[in-house]
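K.L.:
Below you will find the structure I want to go over with you.
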Amino acid sequence: MNINKVLFAAVAAALLAGITSEAQAQENEPGIVRTMADDISLGIGGTIQPRLTYTSDQNERVGFGLRRMRLRLYTDIGDDLGVFLQMEGSGASATLLDVRGEYYLNDNLTIRAGRFVGTQPRAYARTGHAHIDAIDRPAISDKWARMTIGADGRDYGVEALWNTPNWELRGFLHNGYNGWNFRRGASNDPVDDGISTDGFAFSASATHWPGDRDELELGAYGSVNTSQNPLTEIGGTGRNYYSYSANAYWGPLPGQQPFRVKADFIGISYQEVEPHGIHHHLGASLFGSALVASHIELFAMGEYLYNDLGDASTEKQVFLTAGGSYSISVLQDRPFFMNRLILAYNLRTQPSDDIDFDDPAHVVMLQAQFYF
């Protein structure tokens, strides 16, 4: 029997048993809390995101789908230890996304270990799935993940997180490729399970809030990855790379400010591989939104993607997005992001050596979000 299915069913059964409470505003905070012992507490939360999508690219398609169905389990053991588990269900299968243990050295410093969202560009998985502005994260961040550590944005490693009201510093030593999980020990011959990679990765980031955290946020990220994993291959050869990003946000989360602006820049520089040369991947995005009512936010975003393929050729691409969020949770005196209806239109040009708006792809999505 699949252990993931068993865990998923067990958590679902606990939810259906009638446990209720107020959900918290942050993704990594418990939504439903039950005290198990004097020094142990358990929290359970979840997300459901059904959507209706219409696409017009090479073909026209329309249909219903389920973008995410997640269950989260939080456990605090005494004052110094914590465990976070997150599972995602899709179809008849269940996947364990996050398995993270935490040790709180003091009020400012936390050590994390396991498989989880570590240090990375702010625009990707560090923006929690319930906090995404326009249904999907910026396309430039999705491209970054698919060309570096993997699409789900998780990796195995150890992270130190130092946090104060105005600063957050992170340092993450990790595998550099989330598909690698080395489990076997010396009693196994040979000790070679998992996916073979060449080295490790180290990523670091700094975030500064000059005032309140719902106002101006400034951040920078850098990483060196020597895993030479399959996502970096060119001509069958894996590559080392440097990755970097910067962001400036006014109002990081949906509905936080009457007017919000978010700017991101993300880059990747791969090592030279003959005869392909050096490959640079650069992306920039600009997002803006306005609250036209306390429960309605309209938004627009433009993105530019540039690939220097290293062999005297380039690819350029533009993404344009517009839409709005209708917050049901605000009408219930809860945070804006929690329960929403989100409508978004996206236009994507085809990759080419020059920006060409002929024959673009069109996507229209309507998504409901239920977060608890």
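K.L.:
Would you mind stating whether PHE336 is within 18 Å of THR47 (Cα to Cα) and surrounded by fewer than 18 Cβ atoms within 10 Å (Cβ to Cβ)? If you could, list the steps in order and put the result at the bottom.
P.N.:
Numbers: within 18 Å of THR47 (Cα to Cα): yes; surrounded by fewer than 18 Cβ atoms within 10 Å (Cβ to Cβ): no.
The answer is no for PHE336.
K.L.:
Follow-up. Which one is modelled with the lowest pLDDT, of the residues in segment 164-203 that are closer than 22 Å to SER245 by Cβ and either among the basic types (Lys, Arg) or open to solvent by 40 Å² or more (accessible area, probe 1.4 Å) (or both)?
P.N.:
Of everything passing the filter in segment 164-203, PHE200 is modelled with the lowest pLDDT.
K.L.:
Continuing with this model, one more query. In this structure, does ILE135 turn out to be of a type in the set (A, V, I, L, M, F, W, C) and either in contact with a helix residue (DSSP H, G or I) (Cβ under 9 Å, 6 or more places away or on another chain) or open to solvent by less than 30 Å² (accessible area, probe 1.4 Å) (or both)? Before you say what the answer is, go through the steps one by one.
P.N.:
On the way: of a type in the set (A, V, I, L, M, F, W, C): yes; either in contact with a helix residue (DSSP H, G or I) (Cβ under 9 Å, 6 or more places away or on another chain) or open to solvent by less than 30 Å² (accessible area, probe 1.4 Å) (or both): yes.
In short, yes.
K.L.:
Can you tell me which condition TRP209 does not meet? The list is (1) more than 29 Å from ASP353 (Cβ to Cβ); (2) modelled with pLDDT under 95, and all the others hold.
P.N.:
Of (1) more than 29 Å from ASP353 (Cβ to Cβ); (2) modelled with pLDDT under 95, only one is false for TRP209: (2).
K.L.:
Here's a follow-up. Only one residue in SER329, SER313, SER352 is closer than 21 Å to ILE48 by Cβ and more than 21 Å from the chain's Cα centre (by Cα), so which one is that? Reasoning before the result, please.
P.N.:
Numbers: SER313 fails: closer than 21 Å to ILE48 by Cβ; SER352 fails: closer than 21 Å to ILE48 by Cβ.
When all the criteria are applied, what remains is SER329.
K.L.:
While we're on this one: If I filter segment 107-122 for residues that are polar (S, T, N, Q), open to solvent by 50 Å² or more (accessible area, probe 1.4 Å) and at pLDDT 95 or above, do I get at least one hit?
P.N.:
Quick first cut of segment 107-122, residues polar (S, T, N, Q) only: 108, 110, 119-120.
With the extra rule that they be open to solvent by 50 Å² or more (accessible area, probe 1.4 Å), the set shrinks to 108.
Subsequent filtering for residues that are at pLDDT 95 or above retains 108.
Yes.
K.L.:
So how many residues does segment 328-355 have that are touching a strand residue (DSSP E or B) at 6+ places or on another chain (Cβ under 9 Å), in a loop (DSSP other than H, G, I, E, B) and not basic (Lys, Arg)?
P.N.:
11
K.L.:
For segment 339-350, name all the residues that are open to solvent by less than 70 Å² (accessible area, probe 1.4 Å) and farther than 11 Å from SER325 by Cβ. Full working, then the answer.
P.N.:
Let us first name the residues in segment 339-350 that are open to solvent by less than 70 Å² (accessible area, probe 1.4 Å), namely 339-340, 342, 344, 346-350.
Within segment 339-350, ASN346, LEU347, ARG348, THR349, GLN350 qualify.
K.L.:
Yes or no: LEU331 over 20 Å from SER285 (Cβ atoms) and surrounded by fewer than 16 Cβ atoms within 10 Å (Cβ to Cβ)? Working first, answer last.
P.N.:
Details: over 20 Å from SER285 (Cβ atoms): yes; surrounded by fewer than 16 Cβ atoms within 10 Å (Cβ to Cβ): yes.
Yes; evaluated as a whole, the condition is true for this residue.
K.L.:
Pairs needed: first member in segment 151-178, touching a residue at least 60 places away in the same chain (Cβ under 8 Å); second member anywhere, open to solvent by less than 40 Å² (accessible area, probe 1.4 Å) and in a strand (DSSP E or B); C-beta distance under 9 Å; at least 6 residues apart or different chains.
P.N.:
Matching pairs, first to second residue: ASN178/ARG115; ASN178/ASP155.
K.L.:
Within segment 71-110, which residues are part of a strand (DSSP E or B), polar (S, T, N, Q), more than 17 Å from TYR371 (Cβ to Cβ) and in contact with a strand residue (DSSP E or B) (Cβ under 6 Å, 6 or more places away or on another chain)? Steps first, answer last, please.
P.N.:
Our first condition is that a residue be part of a strand (DSSP E or B); within segment 71-110, this holds for 71-77, 81-90, 93-104, 109-110.
Those left that are additionally polar (S, T, N, Q): 75, 86, 90, 93, 95, 110.
With more than 17 Å from TYR371 (Cβ to Cβ) added as a condition, the list becomes 75, 90, 93, 95, 110.
Passing the criteria: THR75, THR95, THR110.
The values are calculated or read from the model by the stated rules, or taken from the named source; none is laboratory data. All of these numbers come straight from a predicted model, not from anything done at the bench. Here the Cβ is made from the backbone with ideal geometry for all residues, glycine too, and neighbour counts use every protein chain on show. Areas reflect the complete protein model, heavy atoms only, side chains present, ligands, DNA and RNA absent. Shrake-Rupley method; radii C 1.70, N 1.55, O 1.52, S 1.80 Å.
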